[in-house]
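Q: Would you mind keeping the following structure in view while I ask a few things?
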Amino acid sequence: MRDRKAAFLLGHDAEFWAAMLLRLKGYSVRERRFQGGGVEIDLVAERFGTLVFVEVKARSDLDSALASVTPEKIRRIARGARVYLARRAAMPRVIRCDAILIAPGHLPRHIEAIGELSLD
C-alpha cells in the first residue's frame with residue numbers, strides 16, 4: 001500500500017513540474033488528468049494553435065522514463081484525445097503527442113511529437 005501511495009505522489013509531483021515547464025515555454029495548460037475513452041491523459045496544453053496531449057513519466061532515470069512511453073501508451077492517448085477533440089467547438093491547426101520525462105537529479109526532458117496520434 002505504501003509503494004502505491006508513494007508512486008501516486010511521485011506522479012502527482014511530476015505532473016506539477018511538467019505543467020510548470022510547459023507554462024515556462026509559453027503553453028497554456030488546458031487540462032490536468034483528463035479522463036475520456038477509458039484512459040487518462042496527464043496534461044493537455046496549447047500554444048500557437050497547436051494542441052498537445054502530454055504523457056508525463058517519472059522514473060529513476062530518463063532512459064527508463066523514455067522506454068515507458070510505448071506504442072501501446074500512444075494508442076491509449078489517441079483514444080482519449082479523440083474524446084477530448086469531440087468535445088471541442090473547433091479543431092486546432094496542429095495536434096501532437098509529447099512526453100515530459102522526469103528523473104531525480106536531472107532537468108525535465110520535453111520530447112515533442114514522441115508518437116503519431118491515430119485520430120481516425
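Any read-out appearing in this document is the output of simple, stated calculations on the displayed coordinates, not a laboratory observation. Note that the coordinates shown come from a computational prediction; the quantities given were computed from them, not determined experimentally. Cβ atoms come from the backbone with ideal geometry, glycine included; neighbour counts cover every protein chain shown.
Q: Restricting attention to segment 29-81, and to residues there that are crowded, with 16+ Cβ neighbours inside 10 Å and of a type in the set (Lys, Arg), which single residue is farthest from residue 119 (Cα to Cα)?
A: Looking at residues that are crowded, with 16+ Cβ neighbours inside 10 Å and of a type in the set (Lys, Arg), I get 59.
Q: Among 69, 52, which is the only one that is assigned to a loop (DSSP other than H, G, I, E, B) and under 12 Å from the mean Cα position of the chain (by Cα)? Spell out how you get there, then give the answer.
A: Details: 52 fails: assigned to a loop (DSSP other than H, G, I, E, B).
On inspection, the qualifying residue turns out to be 69.
Q: Let me ask something else about it. Looking only at segment 82-120, which residues are surrounded by 14 or more Cβ atoms within 10 Å (Cβ to Cβ) and either in contact with a His (Cβ under 6 Å, 6 or more places away or on another chain) or of a type in the set (Ser, Thr, Tyr) (or both)? Please lay out each step first, then the result.
A: Here is the first cut: in segment 82-120, the ones surrounded by 14 or more Cβ atoms within 10 Å (Cβ to Cβ) are 82-85, 92, 95-103, 108-111, 114-115, 117.
Correct list: 84, 100.
Q: Further question on the same structure: Which condition breaks for residue 100 when tested against (1) β-branched (Val, Ile, Thr); (2) in a strand (DSSP E or B); (3) out of contact with any Phe, Trp or Tyr (no Cβ under 9 Å at 6 or more places or on another chain)?
A: Tallying (1) β-branched (Val, Ile, Thr); (2) in a strand (DSSP E or B); (3) out of contact with any Phe, Trp or Tyr (no Cβ under 9 Å at 6 or more places or on another chain), residue 100 fails exactly one: (3).
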